[in-house]
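K.L.:
Structure below; questions to follow.
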Protein chains: 2
Amino acid sequence: MSSVETADTVILARVRENHMKILIVGSSGTVGKAVTSRLGSDHTVIEASRSTNPPVDLNSDESIHELFQSIGTVDAIVACTGVAPFKPLRDLAGSDYQDAFNDKVMGQIRLVNIGRDYLNAGGSFTLTTGILAREPILTGAAASLANGALESWVPAAATELDRGHRINAVSATVLAEATGYHAFFPGFVPVAAAYVAAAYAKSVEGTHTGKVYKVEG
Amino acid sequence: MSSVETADTVILARVRENHMKILIVGSSGTVGKAVTSRLGSDHTVIEASRSTNPPVDLNSDESIHELFQSIGTVDAIVACTGVAPFKPLRDLAGSDYQDAFNDKVMGQIRLVNIGRDYLNAGGSFTLTTGILAREPILTGAAASLANGALESWVPAAATELDRGHRINAVSATVLAEATGYHAFFPGFVPVAAAYVAAAYAKSVEGTHTGKVYKVEG
């Protein structure tokens with residue numbers, strides 16, 4: 001065996017030994033379940049949602065603090081969360097945009113801002129955006145806005161995080177499993193949630209920061 | 001003269017006859033002045049800001065309605081407005097993101113939502129975003145967020161406007177005139193406001209819709 005091969009083997013073994021403690025918020029959704037399954041095979045995954053014990057509500061600083069005080073520090077924080085109202089442009093009121101901003105945008109930013117103090121050095125954040133940031137659909141203007149906001153915020157935040165913290169976002173097209181939505185995405189090739197989960201693994205187990213992973217079929 | 005040249009002359013004459021009534025909100029700022037100067041040479045420009053008569057506050061539906069009731073219908077609506085707080089990531093509170101969202105994002109969306117009813121058929125909206133949507137700077141995460149939100153919203157809104165309405169955004173780098181900010185934009189080549197104003201003219205006098213014009217040096 002050449003010395004290069006030996007070095008490669010040593011490095012790969014070290015990578016594989018990198019067992020992490022990972023918080024996945026929104027673990028009960030279609031993507032959340034797939035990410036939990038994917039990362040759970042090599043790491044210790046802590047699932048959190050509005051219905052876990054303790055529950056977490058990303059709209060509440062206090063709820064996020066309570067979650068972390070319960071689970072302690074972690075090596076990676078993943079958010080598979082965030083909703084936005086879907087309505088024709090003419091019907092989207094200021095309150096609809098505010099709802100999208102509160103839930104999808106500020107919910108995830110709040111998790112990062114508070115989570116920084118519970119994320120071990122070298123740890124990562126992985127947020128969830130979506131294809132509507134770059135390809136609109138009818139009734140999706142508020143979702144486009146929310147996704148676009150995060151996709152510009154993540155690269156900005158990456159430049160100012162400290163302690164070796166990384167941050168990326170996964171921006172996937174419509175899910176194969178979400179058959180009820182396919183009619184709203186004409187010509188968009190759906191992808192399986194398990195395929196989308198690979199992008200989360202790339203963020204958590206890799207070295208990137210400030211990236212938006214575009215997952216399309 | 002060939003028939004092609006004759007046709008070209010006729011078409012160009014018709015384009016030049018297309019005298020428009022254009023509302024420019026934020027006309028007192030550095031970009032606003034340049035856009036007013038550029039479009040004012042061929043069109044009737046109505047300037048509006050917090051200090052004009054009537055004044056306009058894009059954070060108020062009522063104020064926008066009052067402005068349009070005063071000036072009537074227009075052929076183009078331009079917004080050169082919107083501010084966001086600049087602070088280190090660690091110091092950006094939820095209220096800072098909310099301020100950026102209210103002023104830069106919702107202020108311009110509110111102008112579009114209300115302005116649709118005062119914009120003549122075939123008329124255009126031109127909004128203002130900025131380079132921080134795609135290239136972050138230190139302390140600029142809230143501005144990146146606001147610009148990114150609009151840059152995904154504009155193409156979405158373009159697909160749902162009616163009566164031939166168009167909408168574009170201008171996303172410029174740092175202005176040559178804004179010397180006080182240059183140190184925050186290392187290596188960004190500044191551009192003169194008059195150069196940026198050309199992109200507004202492209203949106204107002206051209207045929208594009210759903211575009212984000214990236215203006216860089």
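The values are calculated or read from the model by the stated rules, or taken from the named source; none is laboratory data. Here the structure is a predicted model, which is why all the values come from computation and not from measurement. FYI the Cβ positions are ideal-geometry reconstructions off the backbone, even for glycines, and counts take in every protein chain you see. In case anyone asks, the SASA skips ligands and DNA or RNA and just uses the protein heavy atoms, side chains included. Shrake-Rupley method; radii C 1.70, N 1.55, O 1.52, S 1.80 Å.
K.L.:
Over the whole of A:120-133, what's the average partner chain Cβ count within 10 Å per residue? Rounded to a whole number, please.
P.N.:
Taking the mean over all residues of the peptide, I get 1.
K.L.:
I would also like to ask the following. Give me the net charge of A:G140's neighbourhood, meaning all other residues with Cβ under 10 Å from the Cβ of A:G140; Lys, Arg count +1, Asp, Glu -1.
P.N.:
Here the charged neighbours net out to -1.
K.L.:
What lysines could a cross-link reach from A:K202, if we take a straight Cα to Cα line under 17 Å and drop same-chain neighbours fewer than 8 places away?
P.N.:
Once the sequence-local lysines are set aside, what remains near A:K202 is A:K21, A:K33, A:K211, A:K214.
K.L.:
Where the label is 7 Å out from Cα toward Cβ, how close does B:T6 come to the same position in every other copy, in nm, shortest first?
P.N.:
With the label placed 7 Å along Cα→Cβ, B:T6 yields 8.8 nm.
K.L.:
Where does the charge balance sit around A:I131 when Lys and Arg score +1, Asp and Glu -1, over other residues with C-beta under 13 Å from its C-beta?
P.N.:
Here the charged neighbours net out to -1.
K.L.:
Rank-order B:165-174, B:44-53, B:79-88, B:94-103 by packing density, defined as the average count of other C-beta atoms within 10 Å over each peptide's residues, highest first.
P.N.:
Output ranking for B:165-174, B:44-53, B:79-88, B:94-103: B:165-174, B:79-88, B:94-103, B:44-53.
K.L.:
What number, rounded to the nearest 500 deg cm²/dmol, is the helix-based mean residue ellipticity at 222 nm of the protein assembly as shown, given -39500 (n - 2.57) per DSSP H run of at least four residues and division by all its residues?
P.N.:
-12000 deg cm²/dmol
K.L.:
If each label sits 7 angstrom from Cα along the C-beta direction, how far apart, in nm, is B:S41 from its counterparts in the other copies?
P.N.:
So the distances to the same position in the other copies read 6.5 nm.
K.L.:
Using 7 Å Cα-to-Cβ label points, what is the B:T73/A:V10 separation (nm, one decimal)?
P.N.:
7.8
K.L.:
Then there's this: Suppose every Lys and Arg Cβ carries +1 and every Asp and Glu Cβ carries -1, with no other charges. What dipole size does the protein assembly as shown come out with about its Cα centre, to the nearest 20 debye?
P.N.:
480
K.L.:
Would you kindly work out, in nm and rounded to one decimal, the distances from the label point of A:A183 to those of the same position in each other copy, ordered shortest first, with label points 7 Å along Cα-to-Cβ?
P.N.:
5.9
K.L.:
If you add up the charges near B:P88, with Lys and Arg at +1 and Asp and Glu at -1, over every other residue whose beta carbon is less than 13 angstrom from its beta carbon, what do you get?
P.N.:
Overall, the nearby charge balance is -1.
K.L.:
Ok, one more. How large is the dipole of chain A about the Cα centre if only Lys and Arg carry +1 and Asp and Glu carry -1, each at its Cβ, rounded to the nearest 20 debye?
P.N.:
280
K.L.:
Also, I was wondering about something else. Partner chain Cβ atoms within 10 Å, averaged over the residues of B:100-113 - can you pull that number for me?
P.N.:
3
K.L.:
Rounded to whole Hz and in sequence order, give me ³J(HN,Hα) for the range A:60-68 from the Karplus expression 6.51 cos²θ - 1.76 cosθ + 1.60, θ = phi - 60°, writing x for Gly and Pro.
P.N.:
Per residue, the Karplus-derived 3J(HN,Hα) values read 10, 3, 4, 5, 5, 4, 5, 4, 5 Hz.
K.L.:
Magnitude of the Cβ-charge dipole of the range B:45-155, K/R +1 and D/E -1, about the Cα centre, nearest 20 debye?
P.N.:
280
K.L.:
In nm, to one decimal, how far is the B:A178 label point from the B:H19 one, both placed 7 Å along Cα→Cβ?
P.N.:
Taking the two extended label points, one gets 3.5 nm.
K.L.:
For the pair A:D91/A:V189, report the inter-label distance in nm, with labels modelled 7 Å from Cα in the Cβ direction.
P.N.:
In this crude spin-label approximation the distance works out to 3.3 nm.
K.L.:
Top to bottom by accessible area (1.4 Å), largest first, where do B:S152, B:S70 land?
P.N.:
Descending order: B:S70, B:S152.
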